[in-house]
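Taking it in order: structure first as structure tokens, then the write-up.
The values are calculated or read from the model by the stated rules, or taken from the named source; none is laboratory data. Because the structure is a prediction, the values reported are computed rather than measured. Glycine gets a Cβ as well: all are built from the backbone with ideal geometry, and neighbour counts include every protein chain shown. Ligands, DNA and RNA are excluded from the accessible area calculation, which covers all protein heavy atoms including side chains. Shrake-Rupley method; radii C 1.70, N 1.55, O 1.52, S 1.80 Å.
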Amino acid sequence: MFERFTRGARAAVKGAVVQAERAGADTVTEEHLLLALLDQEGGRASFAFTALGLRDRRASLAASFTEARRRGGLTRADTDALAGLGIDVGAIVSRVEGTHGEGALSAARGGRRWWSGHRPFTPGAKGVLENALRVALGRGDRFIGEEHLLLALTAKPGVVADVLAEHGATYATVRRAMYGPDPDEGRARAG
């Protein structure tokens with residue numbers, strides 16, 4: 001599959017490893033893929049980030065990811081569902097952090113890296129790469145570009161998609177920013 005990746009998509013994957021190294025993470029996650037895409041310039045994904053105003057909001061994205069890690073990686077939908085059951089995730093996080101220290105629920109705890117220093121991709125990050133292939137095939141493209149990686153990130157339910165949606169970047173808005181309006185949208189409104 002990697003042979004279908006464009007130069008930009010390969011750079012994003014390699015950049016995700018660099019992002020994980022900078023963060024001191026043991027694994028490469030979907031968040032690292034997104035941050036690597038944000039660092040790139042000149043492609044369709046970069047254009048979408050600029051069009052949606054995300055390039056100037058990197059600090060806000062990072063703060064949202066930090067907050068999600070504090071919640072143990074629970075999405076907003078997860079915390080809302082738990083709240084519906086009478087479970088206050090914020091109170092639980094506060095109690096755990098009061099006892100065990102700030103960030104105690106964070107999934108990125110150190111000490112598990114192999115001696116080689118190699119950082120494996122999490123199943124979620126691998127899933128994004130596989131979904132990028134599906135997105136590319138669905139569009140009729142014979143390559144996998146950074147635009148397909150970004151669309152795959154928005155399509156995969158989880159923290160990254162939640163954070164992007166909070167910042168106005170859903171699958172539909174990203175697709176529209178990169179490719180223009182869907183021809184079927186106009187027909188649906190007219191009919």
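One residue stands out among those in region 127-178 that are farther than 21 Å from Phe5 by Cβ and β-branched (Val, Ile, Thr): the one that is surrounded by the fewest Cβ atoms within 10 Å (Cβ to Cβ), which is Thr170. Of the helices (runs of 4 or more DSSP H) contained entirely in region 1-70, those carrying at least 1 residues that are open to solvent by less than 40 Å² (accessible area, probe 1.4 Å), over 18 Å from Leu151 (Cβ atoms) and hydrophobic (A, V, I, L, M, F, W, C) fall at 7-23, 58-70.
Looking for something modelled with pLDDT under 95, small (Gly, Ala, Ser), closer than 17 Å to Leu37 by Cβ and open to solvent by less than 40 Å² (accessible area, probe 1.4 Å) - is there at least one such residue anywhere in region 179-188? Within region 179-188, not a single residue is modelled with pLDDT under 95, small (Gly, Ala, Ser), closer than 17 Å to Leu37 by Cβ and open to solvent by less than 40 Å² (accessible area, probe 1.4 Å).
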